[in-house]
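Got a structure here, written out as structure tokens. Questions coming.
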Amino acid sequence: MIGYGSEDSNFVIELTYNYGIRSYERGNDFNYLKVKSNSVFENIAKQGLSSKLRSDGFYEIQDPDGYTFLVGKGNESLNSISALSLFVTNLQNSKNYWNNILKGKYNSENSSRVVLGFDYLDFQLELEKSTQEKINHAKAYGRVAFSCPTEELKPLQAEIEKNQLTVLTPYIQLDTPGKATVSVVILADPDGHEICFVGDKEFRELSQMDPNAEKLLDDAISEDKSDEWHERKNKNK
């Protein structure tokens, strides 16, 4: 998990590394992540990274896997992932699902976009009208996760089922050895974007920041021998 602060008050990203896999087929579901950070904005300018300065003041930049990030200036000391943009095929259907069914807070819309907010987070979900007739998630898809009171999970599932919408994983409790048991429900919106709802109390116990996380990640990367494995298997990196 990586971000600009605690998961209690920040939107963060979960990156998964699977041994033996060098690439994933990407679909047309993801548009961009938006970051607000003065330091990141300045880094892009100073380091001369390949980017485009947009008319709205955001740098558009791609990560090594081709995912798009929009980086703009934020508050003096506050860095945040401020928005996730996903492509959808029908704005009204998506607005109804995220606003009326999932109770996301309606912020704004135009002919090509609907913007929603979520409670205390300084975070927005931007649903962008796709030029494609169908959203293809291919093999590189992810999911969005939110916490909510555990007692609301079963009623949420019942509401989805009542409206004949998709429940990918019905209410289930997941054991974490030595830690809290979390309850989850996983849904899919009209375009198949996965949404995981997890019980808040237990999630907060599991999502505490680890002061050694960066060192542990660096150590794991330095000890990784997958390059050698691929060489033995005559695979290209």
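The values are calculated or read from the model by the stated rules, or taken from the named source; none is laboratory data. Note that this is a predicted model, so its numbers are computed, not measured. Every residue, glycine as well, gets a Cβ built from its backbone with ideal geometry; the counts of neighbours run over all protein chains shown. For the accessible areas, the whole protein counts, side chains as well, though only heavy atoms, and no ligand, DNA or RNA atoms are used. Shrake-Rupley method; radii C 1.70, N 1.55, O 1.52, S 1.80 Å.
Hey, can you rank 198-211, 171-184, 84-97, 12-25 by average C-beta count inside 10 Å, highest first? Each step should come with its number before you reach the end.
Values: 198-211: 15.4, 171-184: 13.0, 84-97: 18.1, 12-25: 9.8.
Top to bottom by mean Cβ count within 10 Å: 84-97, 198-211, 171-184, 12-25.
First measure r as the distance between the Cβ atoms of GLU25 and ALA213, then evaluate 1/(1 + (r/R0)^6) with R0 = 22 Å and state the FRET efficiency to the nearest 0.05. Provide the component values of the computation, followed by the final result.
Values: r = 30 Å, r/R0 = 1.36.
Calculated transfer efficiency: 0.15.
Kindly identify segment 85-237 as rounded, prolate or oblate by the Cα gyration tensor criterion: order the square roots of the eigenvalues as a ≥ b ≥ c, call it rounded if a/c is under 1.5, otherwise compare a/b with b/c, prolate if a/b is larger, else oblate.
On the way: a/c = 1.96, a/b = 1.34, b/c = 1.46.
In terms of gyration-tensor shape, oblate.
Can you pull the one-decimal nm distance between simple spin-label points at LYS139 and ASN10, each 7 Å off the Cα toward Cβ?
Inter-label distance under the simple model: 3.3 nm.
Next question. What is the gain in length, in nm to one decimal, between LYS73 and HIS230 on full extension, counting 0.36 nm per residue of separation less the C-alpha to C-alpha distance? Let's see the in-between values first.
Values: separation 157, 0.36 × 157 = 56.52 nm, distance 4.07 nm.
Between LYS73 and HIS230, full extension yields an extra 52.5 nm.
Right, something else. Nearest 20 debye, what's the magnitude of the dipole of the chain about its Cα centre given +1 on Lys and Arg Cβ and -1 on Asp and Glu Cβ? If you can, show how the numbers build up before the last one.
Working: 27 positive and 37 negative charges, 139 e Å.
For this selection, approximately 660 debye.
Moving on to the next point. When a/c reaches 1.5 or more, the comparison of a/b and b/c decides; with that in mind, is segment 177-223 rounded, prolate or oblate per its Cα gyration tensor? Could you put the intermediate results ahead of the total?
Details: a/c = 3.24, a/b = 1.58, b/c = 2.05.
Oblate is the answer for segment 177-223, as a/c is 1.5 or above yet b/c matches or exceeds a/b.
In whole percent, and with a 1.4 Å probe on the protein chains, what portion of the accessible area of segment 54-163 is carbon and sulfur?
Values: 2740 of 6270 Å².
C and S atoms contribute 44 percent here.
Can you tell me the Rg and the Dmax, both Å, for the Cα atoms in segment 60-100?
Considering segment 60-100 through its Cα atoms, Rg and Dmax are 14.5, 38 Å.
What's the center-to-center distance, using Cα atoms, between segment 1-47 and segment 158-237 in Å?
15
On to the next question. LYS52: which aspartates and glutamates have alpha carbons under 15 Å from its alpha carbon, excluding same-chain residues fewer than 8 sequence positions away?
Within the straight-line cut-off, LYS52 pairs with GLU42, GLU60, ASP63.
May I pose another question? Tell me which residues come under 5 Å, amide H to amide H, from THR166 once H is placed; ignore anything under 5 positions away on its chain.
Correct list: ALA188.
Based on the Kirkwood radius over alpha-carbon pairs, what is the Stokes-Einstein translational diffusion coefficient of segment 1-58 at 37 °C with 0.692 mPa s viscosity, in µm²/s?
Numbers: Rh = 14.7 Å.
It comes out at roughly 223 µm²/s.
Out of GLN157, GLY178, SER108, whose Cα points farthest toward the positive end of the dipole of the chain (charges: +1 Lys, Arg; -1 Asp, Glu; placed on Cβ)?
Highest projection toward the positive end goes to SER108.
If you don't mind, another one. Can you flag which of LYS36/LYS179; LYS95/LYS139; LYS129/LYS215 are past 30 Å Cα-Cα? Spell out each step's value before the answer.
Values: LYS36/LYS179 33 Å; LYS95/LYS139 25 Å; LYS129/LYS215 41 Å.
Going by Cα-Cα distance, LYS36/LYS179; LYS129/LYS215 fall outside the 30 Å limit.
Can I ask one more? Each residue of segment 13-23 in turn: what ³J(HN,Hα) in whole Hz from Karplus with 6.51, -1.76, 1.60 and θ = phi - 60°, glycine and Pro shown as x?
10, 9, 9, 10, 10, 10, 4, x, 10, 9, 7
Now, a different point. Where does the chain land at 222 nm, in deg cm²/dmol rounded to the nearest 500, when only DSSP H runs of n ≥ 4 count, each adding -39500 (n - 2.57), divided by all residues?
Values: 6 runs with 50 residues, N = 237.
The helix contribution divided over the chain gives -6000 deg cm²/dmol.
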